[in-house]
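Reviewing the structure listed below.
The values are calculated or read from the model by the stated rules, or taken from the named source; none is laboratory data. What you see is a predicted model, and the numbers here were worked out from it, not measured in a lab. Positions of Cβ are backbone-derived with ideal geometry, glycine not excepted, and every protein chain shown enters the neighbour counts. Heavy atoms of the whole protein, side chains included, go into the accessibility calculation; ligands, DNA and RNA do not. Shrake-Rupley method; radii C 1.70, N 1.55, O 1.52, S 1.80 Å.
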Amino acid sequence: GVKRQTCFPQIEESAAPYLRLQNVLHPLIQEEQAVGNDFAMEHGTCIITGSNMSGKTTFLRTIGVNLALAYAGGPTLATSFQASRMAVYTSMRIEDSISEGISSFYAELLRIKEIIDHSQRPEPMLALIDEIYRGTNSKDRITGAAETVRRLAGDHIITMLTTHDFELCDLQQDAAVHAVNYHFSERYTEDEILFDYRIKPGRCQTTNARHLLRMVGITR
């Protein structure tokens with residue numbers, strides 16, 4: 001297992017947002033299952049691809065939870081944790097509201113509009129967006145996600161988003177958004193998928209849906 005190490009974070013006021021993290025862990029994952037990651041980012045967009053269950057969502061949560069601990073004056077689960085002071089906005093686990101008649105997709109739109117509205121202020125911010133626009137068809141999702149990334153491009157913003165749409169990786173070629181691709185990956189045995197839960201540079205080259213379909217007996 002991994003030995004948990006905590007450190008008090010170094011937080012500073014900075015017009016340009018940044019994260020510099022070493023061996024950062026999610027505080028609610030059992031010690032023997034926790035996997036630490038190193039990550040450094042300045043303003044721009046981090047696009048994270050990877051298969052189901054590979055660690056994308058947990059990584060966003062790891063950063064968000066540790067930042068909350070850091071800004072509250074507490075220790076962080078990392079060997080080193082340096083960050084600027086930023087407003088933190090998230091779009092994760094958006095759910096339907098039956099009583100208000102709001103679908104999960106519309107609820108997500110409202111949440112991301114709130115993030116875009118805040119981004120108009122000239123102050124550092126971090127946006128964590130999990131599986132952006134998952135509630136609509138792929139063509140609209142890709143178009144909408146690309147436009148959202150462009151709206152959140154600014155010298156005072158870090159945007160981190162997870163997606164299954166490899167097309168969004170092409171935003172790395174768009175000089176206006178300062179996008180960089182990262183991914184999580186897995187390897188296969190005959191009847192098992194093995195994850196290492198480590199973030200790696202570049203776009204994902206694997207998908208596990210076909211393997212999962214075969215493993216549970218839906219396909220052959």
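If you go through the range 172-193 one residue at a time, do you hit one that is assigned to a helix (DSSP H, G or I) and open to solvent by 90 Å² or more (accessible area, probe 1.4 Å)? Checked against the condition, which is being assigned to a helix (DSSP H, G or I) and open to solvent by 90 Å² or more (accessible area, probe 1.4 Å), the range 172-193 yields at least one hit. Where strands (runs of 3 or more DSSP E) sit wholly within the range 80-141, none has at least 2 residues that are of a type in the set (Lys, Arg) and modelled with pLDDT of 90 or more.
Scanning the range 67-103 for residues that are free of Cβ contacts under 8 Å to residues at least 12 places away in the same chain and open to solvent by 60 Å² or more (accessible area, probe 1.4 Å) yields ALA72, ASP96, ILE98, SER99, GLU100, GLY101.
Filter the range 47-61 for residues that are part of a loop (DSSP other than H, G, I, E, B) and open to solvent by 10 Å² or more (accessible area, probe 1.4 Å) and give the result. Result: ASN52, MET53, GLY55. Listed by first and then second residue, the pairs linking a residue in the range 181-210 that is farther than 17 Å from VAL35 by Cα and modelled with pLDDT of 95 or more to a residue that is open to solvent by 50 Å² or more (accessible area, probe 1.4 Å) and not aliphatic (A, V, I, L, M), with Cβ atoms under 7 Å apart and 6 or more places separating them unless they lie on different chains, are ASN181/GLN172; ASN181/ARG203.
Condition check: under 25 Å from ALA15 (Cβ atoms) and of a type in the set (Phe, Trp, Tyr). Does PHE105 satisfy that? So PHE105 fails the test. Right, ALA34: of a type in the set (Gly, Ala, Ser), more than 29 Å from LEU171 (Cβ to Cβ) and either surrounded by 17 or more Cβ atoms within 10 Å (Cβ to Cβ) or without any contact (Cβ under 8 Å) to a residue 60 or more places away in the chain (or both) or not? Taking the combined requirement at face value, the residue satisfies it. The condition (being within 23 Å of HIS156 (Cβ to Cβ), among the small types (Gly, Ala, Ser) and open to solvent by 10 Å² or more (accessible area, probe 1.4 Å)) is satisfied by just one residue among GLY64, GLY44: GLY64.
Taken over the range 194-220, the criterion of being surrounded by 12 or more Cβ atoms within 10 Å (Cβ to Cβ) and in a strand (DSSP E or B) is satisfied by PHE195, LYS200.
Out of LEU161, LEU152, LEU168, LEU128, one residue alone is open to solvent by less than 10 Å² (accessible area, probe 1.4 Å), within 13 Å of THR45 (Cα to Cα) and in contact with a Gly (Cβ under 6 Å, 6 or more places away or on another chain). It is LEU128.
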